[in-house]
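The structure appears right after this line, and notes come after that.
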Amino acid sequence: MANEKTLTTAAERRPGRGLWSVHEALDRMIGDFFGETGIEPFPARALDGFQIPSVDIAETDKELTVSAELPGMDEKSIEVSLNRDRLVIKGEKKEEEEEKKKGYYRKERRFGSVYREIDLPCEVMADKVGATFAKGVLKITLPKTAQALKENVRIPVKAG
């Protein structure tokens, strides 16, 4: 379609993204060694002071769906963006709890930032991406472009 905004493919990525390149190379190496189980060996990771949230990624014929766990946050503190062929999730948690009772006073604060970049396996319609947040889970729906839909062809397997 002429008015579809699309993201570039993985072949057009720019090299050298600093620590993220090293981090992604290590993830690939661990994935190659242990196999693609879908289970991250170190799910509660941090990089440069940012916590990396756990995500589930699902793909159907028509769309990609990313679900990220962001407990203790609200939708106002979350930023979702597309940067070429990557989905970027940022957020900041600012919780303050105060309790006053006769004889004692307690005040606790919890702060933290999350950051996650996810390489997209296909082109998506950037102007049709949607995100919802409920009960600590961010759900992002990324519809595939017409070109990406054409490229996904199922090949029948016949008995030999």
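A few notes on this one:
- Meets criteria (open to solvent by 50 Å² or more (accessible area, probe 1.4 Å) and in a strand (DSSP E or B)) for ALA68: no
- Scanning the stretch 129-146 for residues that are in contact (Cβ under 8 Å) with a residue 24 or more places away in the chain, surrounded by fewer than 19 Cβ atoms within 10 Å (Cβ to Cβ) and among the hydroxyl-bearing types (Ser, Thr, Tyr) yields one hit, THR141.
- Odd one out for ASP56 among (1) open to solvent by less than 100 Å² (accessible area, probe 1.4 Å); (2) modelled with pLDDT of 90 or more: (1)
- Selection count where residues are in contact with a Phe, Trp or Tyr (Cβ under 7 Å, 6 or more places away or on another chain) and open to solvent by 70 Å² or more (accessible area, probe 1.4 Å), scope the stretch 85-128: 2
The values are calculated or read from the model by the stated rules, or taken from the named source; none is laboratory data. Keep in mind it's a predicted model, so treat the numbers as computed, not measured. FYI the Cβ positions are ideal-geometry reconstructions off the backbone, even for glycines, and counts take in every protein chain you see. To get the accessible areas, we keep the full protein, side chains included, count just its heavy atoms, and leave off ligands, DNA and RNA. Shrake-Rupley method; radii C 1.70, N 1.55, O 1.52, S 1.80 Å.
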